[in-house]
Amino acid sequence: MEKRYFLYLKFKGTKYHGWQIQPNGISVQEEVEQAIAILLQKKIALTAAGRTDAGVHASCMVAHFEHDKNIVRDKFMFHLNNILSESISIYDLKEVTLDFHARFAAKSRTYRYSISADKNPFQEEITHRYSKKIELEKMNEAARLMLGERDFSCFSKSKTQTFTNNCDLQKAEWFEKDGTYIFEIRANRFLRNMVRAIVGTLLEVGEGKRTLESIPVLIDSKDRSNAGVSVPAKGLFLVDIEYPGEGFI
């Protein structure tokens, strides 16, 4: 009898062309699927909660797969981590009901973006170095104007295959930790490139290049060319995915 499992993993996305399998580049999905196939002696397909872009990291990614045998959690994770490269780590495995979907059952996703004015070789691949002076409170005021359910086309890459560009933005807040500015954003779903475009726009507010009054006008325009430039992928982390409890066995 088929069983469905939620696989929890974290990865450093620096060397990958994103989560999704690519024809001309290594992806996280490809490496994990190949490792599981070696371990289970059977080809499986992973369905993830979302598709991170090239260079984006995750401290929490969830993907589901099916297998016709019972999997011993700790043994499976131990052997799978031994097969995978140092850039990917499996940290949990949970059996779920067959209709529980890693993408469609998710209630929310949370991302964090980190910037720092200091040059730190140990943070270079996971933090965006940004030396311009910015006002955090103004950026938070602008971020609050984005909260709620609305069309976020102005922050989305064009020609994406989505049925709607409406998202319910539940949290958008900047804070400082150990000299690093961190932007945390939570929504029921995100459009392609959305977080990086929002961060770029908020940095313009922090520099005084964009007014608070322009934010509602920008969102109403639904025009990507009116928003700020997208910040580099390396500062972005997927940090949490929330699910309802009833799907877990």
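The values are calculated or read from the model by the stated rules, or taken from the named source; none is laboratory data. Source: prediction; values computed, not measured. Glycine also receives a Cβ, built like all others from the backbone with ideal geometry; neighbour counts cover every protein chain displayed.
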**OP:** Could you please let me know if Val229 is out of contact with any Phe, Trp or Tyr (no Cβ under 6 Å at 6 or more places or on another chain) and in a loop (DSSP other than H, G, I, E, B)?
**Re:** yes
**OP:** Pull up the range 100-116, narrow it to residues that are part of a loop (DSSP other than H, G, I, E, B) and touching a residue at least 24 places away in the same chain (Cβ under 8 Å), then point me to the one that is nearest to Gly50 (Cα to Cα).
**Re:** Arg103
Original post:
Any chance the range 40-56 includes a residue that's crowded, with 17+ Cβ neighbours inside 10 Å, over 15 Å from Arg103 (Cβ atoms) and in contact with a Leu (Cβ under 7 Å, 6 or more places away or on another chain)?
Top reply: yes
Original post:
Among the residues of the range 173-208, which ones are of a type in the set (S, T, N, Q) and not in a strand (DSSP E or B)?
Top reply: Asn188, Asn193, Thr201
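Residues checked against (1) in contact (Cβ under 8 Å) with a residue 60 or more places away in the chain; (2) over 20 Å from Ala54 (Cβ atoms); (3) within 14 Å of the chain's Cα centre (by Cα); (4) not assigned by TED's automatic domain parsing to the domain that holds Asp92:
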residue: Asn166; (1), (2), (3), (4): no, yes, no, yes
residue: Arg186; (1), (2), (3), (4): yes, yes, yes, yes
residue: Val205; (1), (2), (3), (4): yes, yes, no, yes
residue: Asp223; (1), (2), (3), (4): yes, yes, no, yes
Original post:
In the range 173-197, which residue that is more than 17 Å from Glu135 (Cβ to Cβ) and in contact with a Gly (Cβ under 9 Å, 6 or more places away or on another chain) is surrounded by the fewest Cβ atoms within 10 Å (Cβ to Cβ)?
Top reply: Arg189
Subject >> Residue ID - farthest from Ala172 (Cα to Cα), chosen from residues in the range 118-150 that are surrounded by 14 or more Cβ atoms within 10 Å (Cβ to Cβ) and among the small types (Gly, Ala, Ser) >> reply: Ala142
Original post:
In this structure, does Ile90 turn out to be buried (at least 18 other Cβ atoms within 10 Å of the Cβ), touching a helix residue (DSSP H, G or I) at 6+ places or on another chain (Cβ under 9 Å) and in a strand (DSSP E or B)?
Top reply: yes
Original post:
Does Gln34 meet the test of being surrounded by fewer than 15 Cβ atoms within 10 Å (Cβ to Cβ) and on the phi > 0 side of the Ramachandran plot?
Top reply: no
Original post:
Restricting attention to the range 35-53, which residues are under 25 Å from Ile241 (Cα atoms) and not charged (D, E, K, R)?
Top reply: Ala35, Ile36, Ile44, Ala45, Leu46, Thr47, Ala48, Ala49, Gly50, Thr52
Subject >> Checklist (1) within 23 Å of the chain's Cα centre (by Cα); (2) farther than 24 Å from Asp240 by Cβ; (3) surrounded by 15 or more Cβ atoms within 10 Å (Cβ to Cβ); (4) not hydrophobic (A, V, I, L, M, F, W, C) applied to Gly25, failing item >> reply: (3)
Original post:
Looking at the range 151-169, which of its residues are surrounded by fewer than 17 Cβ atoms within 10 Å (Cβ to Cβ) and at pLDDT 95 or above?
Top reply: Asp151, Asn166, Asp168
